[in-house]
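Asker: I am attaching a structure below and will ask some questions about it afterwards.
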Amino acid sequence: MEKKLKRIGVMTSGGDAPGMNAAIRAVVRTALYHKLEVFGIMRGYQGMIDNDMFQMDNRSVANIIQRGGTILKSARCKEFFEPAGRKKAYENLKKHAIDGLVIIGGDGSFRGACAFSAEFDIPCIGLAGTIDKDISGTDFTIGFDTAVNTAVEAIDKIRDTMDAHDRVFIIEVMGRDAGYIALHSGIATGAENILIPERKTDINNIIQGLQEKERRKKMVNLIVVAEGDDFGGANEVQKILEENLPHSEIRVCILGHIQRGGSPSCMDRVLASRMGYHAVECLLEGRHNVFVGIQNNKMNYIPLETAVKNKGTISDEWMKIVKILAS
Ligand code: F6P
């Protein structure tokens, strides 16, 4: 028979994402509703190793739903990827009699949870929280909508200068291994070219298109590049283009961490609230090692392994849309 759950831990891990606070709030309030005790673990797995955790109540999560960042702070913890680090973490959880964990984070955090749950008998439930949206098995992740809207707002402003000066602009958005922010913000701002890590870029084709524009003296062109594209980001793309278009003004803007911060959008707050609620329900139902994702607007429980093993893909159709709409 399953032992009865009494006390759970909640943490945020990896890169912060807008909406993480809303998820923490939902986890805490749902757990308290079910008469469970909740401990907040600081700085993700690092707090488990350092025994940095505290009991939370309803007031601990008051007035945070609209705030970016995470009140539990976040970290990428290398020590947890060593067996000795995980053992220390387990012993600290046992000291506090924590018998279930909710981990709000991305695929790296889920990898940690998989390793931990293979060794120790503490159920881990993941919540998909990352601006990159690079977790397979879910249509959205907490933070993506806000990040992409931040990028769109910034790119719209840059477009004004691009138009006024007849320039080529290369905007770099986040995404070391994933092109979703570039794809969505690029489509939403009418970018002519979108460069992403998932697809090979035909740079000669881009150069030819720009040379043609140069000839026609119509040199306005927006290129959105994910930081992890084939060439290594916007500065590298600029070098290649400048060599081939000596008469054009080519500018770079790297949006950087502005995309990770700020007040979460309505969509991220609602998504985080639903996911947080379901994470606790999941633990109460006795589920082990799944993450809460959303598919066709329904909450789903997906094995953590799935997120760890499969990378998201970007279909040919997306690239066709980009090409047709930019023509
Ligand atoms: O995973 C989220 C993310 O923002 C990526 O898009 C980016 O490559 C990375 O984190 C940056 O990480 P850091 O803030 O540690 O430099």
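The values are calculated or read from the model by the stated rules, or taken from the named source; none is laboratory data. Model, not experiment: these values are computed from the prediction. A quick note on method: Cβ atoms are made from the backbone with ideal geometry, for glycine too, and the neighbour counts reach across all protein chains shown. Ligands, DNA and RNA are excluded from the accessible area calculation, which covers all protein heavy atoms including side chains. Shrake-Rupley method; radii C 1.70, N 1.55, O 1.52, S 1.80 Å.
Asker: List the residue pairs whose Cβ atoms are under 6 Å apart, where the first residue sits in the range 94-108 and is within 13 Å of the ligand (Cβ to nearest atom), the second is outside any helix (DSSP H, G or I) and modelled with pLDDT under 95, and the two are 6 or more positions apart or on different chains.
Answerer: Between residues of the range 94-108 that are within 13 Å of the ligand (Cβ to nearest atom) and residues that are outside any helix (DSSP H, G or I) and modelled with pLDDT under 95, the close pairs are D107/I135.
Asker: Of all residues in the range 103-117, which are closer than 21 Å to A178 by Cα and either acidic (D, E) or assigned to a helix (DSSP H, G or I) (or both)?
Answerer: Residues satisfying the conditions are D107, G108, S109, F110, R111, G112.
Asker: Another question, if that's okay. Scanning the range 225-266 for residues that are in a helix (DSSP H, G or I) and under 14 Å from the mean Cα position of the chain (by Cα), which turns out farthest from the ligand (Cβ to nearest atom)?
Answerer: Result: I258.
Asker: Output the qualifying pairs, or none if there are none: Cβ atoms under 7 angstrom, residues six or more apart or on different chains, first residue in the range 306-327 and at negative phi, second residue of a type in the set (S, T, N, Q).
Answerer: Short answer, once both residue conditions are applied: T306/S136; A307/S136; N310/S136; K311/S136; G312/S136.
Asker: Regarding T306, is this residue at pLDDT below 95, surrounded by 13 or more Cβ atoms within 10 Å (Cβ to Cβ) and within 30 Å of P123 (Cα to Cα)?
Answerer: Working: at pLDDT below 95: yes; surrounded by 13 or more Cβ atoms within 10 Å (Cβ to Cβ): yes; within 30 Å of P123 (Cα to Cα): yes.
So T306 passes the test.
Asker: Filter the range 175-190 for residues that are within 13 Å of Q259 (Cα to Cα), more than 8 Å from the ligand (Cβ to nearest atom) and of a type in the set (A, V, I, L, M) and give the result.
Answerer: Passing the criteria: only A182.
Asker: Mind checking which residues of the range 117-129 are touching a residue at least 60 places away in the same chain (Cβ under 8 Å) and more than 16 Å from the ligand (Cβ to nearest atom)?
Answerer: Residues of the range 117-129 touching a residue at least 60 places away in the same chain (Cβ under 8 Å): 117, 123-129.
Matches in the range 117-129: S117, P123, C124, I125.
Asker: Let me spell it out: the conditions are (1) of a type outside the set (D, E); (2) at pLDDT below 95; (3) surrounded by fewer than 18 Cβ atoms within 10 Å (Cβ to Cβ), and M219 meets all of them except one. Which number is the exception?
Answerer: Tallying (1) of a type outside the set (D, E); (2) at pLDDT below 95; (3) surrounded by fewer than 18 Cβ atoms within 10 Å (Cβ to Cβ), M219 fails exactly one: (3).
Asker: Can you name every one of the strands (runs of 3 or more DSSP E) wholly within the range 1-96 that holds 2 or more residues which are touching a Leu at 6+ places or on another chain (Cβ under 6 Å) and open to solvent by less than 40 Å² (accessible area, probe 1.4 Å)?
Answerer: Working: elements: 7-12, 37-41, 53-56.
The strands (runs of 3 or more DSSP E) meeting that bar are 7-12.
Asker: Pick out the one residue from D132, D156, D163, D145 that is outside any loop (DSSP other than H, G, I, E, B), in contact with an Asp or Glu (Cβ under 8 Å, 6 or more places away or on another chain) and either more than 18 Å from I302 (Cα to Cα) or within 16 Å of the ligand (Cβ to nearest atom) (or both).
Answerer: Details: D132 fails: outside any loop (DSSP other than H, G, I, E, B); D156 fails: in contact with an Asp or Glu (Cβ under 8 Å, 6 or more places away or on another chain); D163 fails: in contact with an Asp or Glu (Cβ under 8 Å, 6 or more places away or on another chain).
Answer to the check: D145.
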